[in-house]
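So the structure is just underneath, and the comments pick up after that.
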Amino acid sequence: MTVSAAESSAQPAVLEAAGVSVVVDVSGGVPRILHWGPRVGARASDRPFLRSLAETQRGADGLHDSMPPAVLPEQAAGWMGTPGLEGHRDGTTFSSRFVTAGHELNSAAGRQTLNSRAVDDDAQLELTTTIELAPSGVLRLRAGLTNTAPVSHYTVDAMRLALPVPAEAQELLDFAGRHLRERTPQRRAFRVGTHLREGRRGRTGSDAAMLLAAGTPGFSFRSGEIWAVHTAWSGNHVTFAELGLTGERVLGGGELLLPGEMILAPGEIYTTPWVYAAHGSGLDEVAAAFHAHLRERGSHPSSPRPVVLNTWEAVYFDQDLASLTALAECGAKVGAERFVLDDGWFLGRRDDTAGLGDWQVDRAVWPDGLGALVGAVRGLGMQFGLWFEPEMVNEDSEVARAHPDWILAPGERLPIAGRNQQVLNLTLPDAYAHVLESMSSLVAEYDIDYIKWDHNRDLAEPGDRTSAAPRVHQQTRAVYALMDELRRRHPRLEIESCSSGGGRVDLEVLQRTDRVWASDCIDALERQQIQRWTGLLLPPELVGSHVGAPTAHTTYRTHSMAFRAATALFGHFGIEWDLRQASAAELDELAAWVELYKQERDLIHSGTAVHCDHPDDAYWAHGYVGERAERAIFAFVALGTSVAAQPGRIRLPGLNPDTVYRVEPIHLSDSALVHTASGPPSWWTEPTTVTGRLLGSVGLQAPMVYPEQALLFRLVADGGTHTENTTADIEGRS
């Protein structure tokens, strides 16, 4: 349905899906969201009331008016906070005042989309906004700005989109992090001012906010009302929360543009990244919305996620055919399904100081190419994957010596090196073609199934070396185009997003990739936290999680096989360990865990993530509940020791209250149990059935568990449903 500018004084547009409503005022220049939250089920008679939500509230002092900001907030409309658009035309036309030029509301396949158009004839600008509500209840929005001037250029300094949240949103949660410790949660009060998270690394960043959530005080996985946003962009970006003196609260995000990076010639358009948003009761509901949204995609991985054997921590740069064939044979014995040859196979790559950019098989190491290894891997029944770092170049490489102008730099001097490397300027057609053809020819020659796409340094001073103009925006677009073209040429190809581990985890790169590498740290204790919080945005099938060596290479902690494997189970399971050094008993135990993963991956990779708000911080309990709540798998994890002598009960959420469940211990995790005189709780040793209602409200008595261990168990519907009987009912039938 298309509505003209003259008709734009109509009642607000209402979008509803999955228990969420978005009420949008389309009568002004830029759409304003009047309500984003629980479903309102608006009737026709409610429309006047909904429209009244857009009214300006006069302050008692006559100076400070309050009104919901537009999705692109404008000072001309009375917004005195962070502006939606910052730009100018040679130092003039610094402020916009858009007037509506119509909107269109469409619905297809359960997806509702509101497209609006507005113009500012004085500034000679046109603005389009898209507000889309998916069947999952995930909201996303973006905007496009067109320079309509016939002659002059317009410089865009910033474009940010904003979503209002109500006064109940009193507390903020987002994430900090670093290499090897990504997605560390941090909380703060939603105070007056701006909580601004900027990413200036030219990539998403291991310190990225990832998700910025605002909620009622003390919100948790299972309680509290929450509104959350995610800026879907793999380059420089901002995510923010702002509380003004009038009491208006917003969450928002956008791209962070470098000076002079976005200058629009007449007729040119700048389009913002998508800003995604989800509302729910408890973080589990927010996560469920994002997971459902990703699983709705036609491109979402649908095959069972294969068990990966990655060579990095097994051999590092020390590659040869005999060693890697032996490693592959060990992997096949334990049930691996995909073998990934990591860094070190290409020209001159004996360490991390040389070779990047020269994507040719090094004949000094592989005199006959990779064919023999690929043949051996495929002969063992596994897929073959290969590591690339397509955006990077070593100064000690053939390509850098031949084309020094292909390096991103602010001019003649080079930026400070990171991991002995620089960044290749993929905005240059020749550099782009070099990488594309090098990769594509190798994918075709060896029929490669999978690429581990790495990105191991920030984009410092990222400019075109000839013009000295900044290039992060164009570089990010070029990377997306490179991924898209490889997928177009090789439709079966899967790609993993790796960036110093978990440094490129965002929903835009995931339009082109099939999983992320959550962290270079595979210490199981660290991974418990990294995977827990990565799971707020991504379902487990998209999160690579590997069993490492008994002593972690990054922390030197030593963990049992059971803890390492139980942690990896709740993701896309893999192995990153020199299995040639493992004992026969270790290989047998690992094979049993691989088999467990294969039995449970359909449940884990389609189920709903649930987290128990266990009162003791020493323990976490989490799991996945199947689509019809007929099966579930849970882990009870001891992160450390507790002050209390007993861990209490584990309340298990997300179950059907009327279903009777059979509790099935997973004895591969028996080593987690503390050996006490009384032994473990009876449900671990004796057949036990109990209703979902009791499991959720009373819970299972938690066993004593050694620190840095995880105990696993299943819940399986025992047939039929439970009907509650009162004493009178029982006596009446006796």
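Quick notes on this structure:
- Residues of the stretch 551-570 satisfying the condition of being within 18 Å of His667 (Cβ to Cβ) and either over 25 Å from the mean Cα position of the chain (by Cα) or surrounded by fewer than 21 Cβ atoms within 10 Å (Cβ to Cβ) (or both): Ser560, Met561, Ala562
- Single residue of Pro273, Pro306 found to be at pLDDT 95 or above and either open to solvent by 50 Å² or more (accessible area, probe 1.4 Å) or under 29 Å from Asn236 (Cβ atoms) (or both): Pro273
- Among residues of the stretch 496-519, those that are under 25 Å from Asp447 (Cβ atoms) and either surrounded by fewer than 20 Cβ atoms within 10 Å (Cβ to Cβ) or in contact with a His (Cβ under 6 Å, 6 or more places away or on another chain) (or both), counted: 3
- Looking across the stretch 407-437 at every residue that is among the polar types (S, T, N, Q) and under 30 Å from Ser545 (Cβ atoms), the one that is most open to solvent (accessible area, probe 1.4 Å) is identified as Asn420.
- When residues of the stretch 227-256 are limited to those that are surrounded by fewer than 24 Cβ atoms within 10 Å (Cβ to Cβ) and hydrophobic (A, V, I, L, M, F, W, C), the one nearest to Thr534 (Cα to Cα): Ala232
- The one condition in (1) in contact (Cβ under 8 Å) with a residue 60 or more places away in the chain; (2) surrounded by 19 or more Cβ atoms within 10 Å (Cβ to Cβ); (3) more than 22 Å from Gly254 (Cβ to Cβ) that Asp464 fails to fulfil: (1)
- Scanning the stretch 348-380 for residues that are over 32 Å from the mean Cα position of the chain (by Cα) and β-branched (Val, Ile, Thr) yields Val361, Val365.
- Selected residue (criterion: farthest from Leu212 (Cα to Cα)) from residues of the stretch 158-194 that are open to solvent by 30 Å² or more (accessible area, probe 1.4 Å) and of a type in the set (Asp, Glu): Glu168
- Residue ID - farthest from Ala158 (Cα to Cα), chosen from residues in the stretch 182-216 that are hydroxyl-bearing (Ser, Thr, Tyr) and part of a loop (DSSP other than H, G, I, E, B): Thr216
- Boolean, Trp345 is within 32 Å of the chain's Cα centre (by Cα) and among the aromatic types (Phe, Trp, Tyr): yes
- Checking the stated criteria, Ala322 turns out to be more than 33 Å from the chain's Cα centre (by Cα) and farther than 30 Å from Leu596 by Cβ.
- Residues of the stretch 13-33 classified as open to solvent by 30 Å² or more (accessible area, probe 1.4 Å) and either part of a strand (DSSP E or B) or of a type in the set (A, V, I, L, M, F, W, C) (or both), total: 3
- Residues that are surrounded by 21 or more Cβ atoms within 10 Å (Cβ to Cβ) and in contact (Cβ under 8 Å) with a residue 24 or more places away in the chain were ranked within the stretch 339-348; the one that is nearest to Val365 (Cα to Cα) is Trp345.
- In the stretch 231-254, the residues that are in a strand (DSSP E or B), small (Gly, Ala, Ser) and farther than 14 Å from Pro73 by Cα: Ala232
- Qualifying residue in the stretch 623-635 (condition: within 24 Å of Val660 (Cα to Cα), touching a strand residue (DSSP E or B) at 6+ places or on another chain (Cβ under 7 Å), open to solvent by 60 Å² or more (accessible area, probe 1.4 Å) and touching a residue at least 12 places away in the same chain (Cβ under 8 Å)): yes
- Total residues in the stretch 375-395, condition open to solvent by less than 10 Å² (accessible area, probe 1.4 Å), closer than 12 Å to Glu329 by Cα and assigned to a loop (DSSP other than H, G, I, E, B): 1
- Test: residue in the stretch 73-90 that is open to solvent by 30 Å² or more (accessible area, probe 1.4 Å), acidic (Asp, Glu) and in contact (Cβ under 8 Å) with a residue 40 or more places away in the chain: yes
- Residues satisfying the stated conditions in the stretch 276-303, i.e. hydroxyl-bearing (Ser, Thr, Tyr) and either within 19 Å of Arg487 (Cα to Cα) or surrounded by fewer than 18 Cβ atoms within 10 Å (Cβ to Cβ) (or both): Ser281, Ser299, Ser302, Ser303
- Put simply, of Leu603, Leu655 the only residue that is of a type in the set (A, V, I, L, M), farther than 23 Å from Val705 by Cα and assigned to a loop (DSSP other than H, G, I, E, B) is Leu655.
- Inclusion of Arg363 among residues that are outside any helix (DSSP H, G or I), of a type in the set (Lys, Arg) and within 27 Å of Cys521 (Cα to Cα) is not warranted.
- The criterion of being over 25 Å from Gln474 (Cα atoms) and in a loop (DSSP other than H, G, I, E, B) does not hold for Ile416.
- Boolean, Ser220 is more than 30 Å from Ile650 (Cα to Cα), small (Gly, Ala, Ser), in contact with an Asp or Glu (Cβ under 6 Å, 6 or more places away or on another chain) and touching a residue at least 40 places away in the same chain (Cβ under 8 Å): no
Residue by residue, here is whether (1) at pLDDT below 95; (2) open to solvent by 20 Å² or more (accessible area, probe 1.4 Å); (3) under 15 Å from Ala621 (Cα atoms); (4) in a loop (DSSP other than H, G, I, E, B) holds:
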position	(1), (2), (3), (4)
Asp670	no, yes, no, no
Ser678	yes, yes, no, yes
Trp684	no, no, no, no
Leu695	no, no, yes, no
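- Hits in the stretch 371-387 - residues which are in contact with a Phe, Trp or Tyr (Cβ under 6 Å, 6 or more places away or on another chain) and under 18 Å from Glu437 (Cα atoms): Gly385
- The stretch 94-114, residues that are assigned to a loop (DSSP other than H, G, I, E, B) and either among the basic types (Lys, Arg) or in contact with a helix residue (DSSP H, G or I) (Cβ under 7 Å, 6 or more places away or on another chain) (or both): Ser95, Ser96, Arg97
- Whichever residue in the stretch 139-153 is in a strand (DSSP E or B) and of a type outside the set (Lys, Arg) and, among such residues, is farthest from the chain's Cα centre (by Cα): Asn147
- Flag if Arg249 is under 30 Å from Ala481 (Cβ atoms), among the basic types (Lys, Arg) and at pLDDT 95 or above: no
The values are calculated or read from the model by the stated rules, or taken from the named source; none is laboratory data. On a predicted model such as this, the values are computed, not experimentally measured, just so you know. Every residue, glycine as well, gets a Cβ built from its backbone with ideal geometry; the counts of neighbours run over all protein chains shown. Heavy atoms of the whole protein, side chains included, go into the accessibility calculation; ligands, DNA and RNA do not. Shrake-Rupley method; radii C 1.70, N 1.55, O 1.52, S 1.80 Å.
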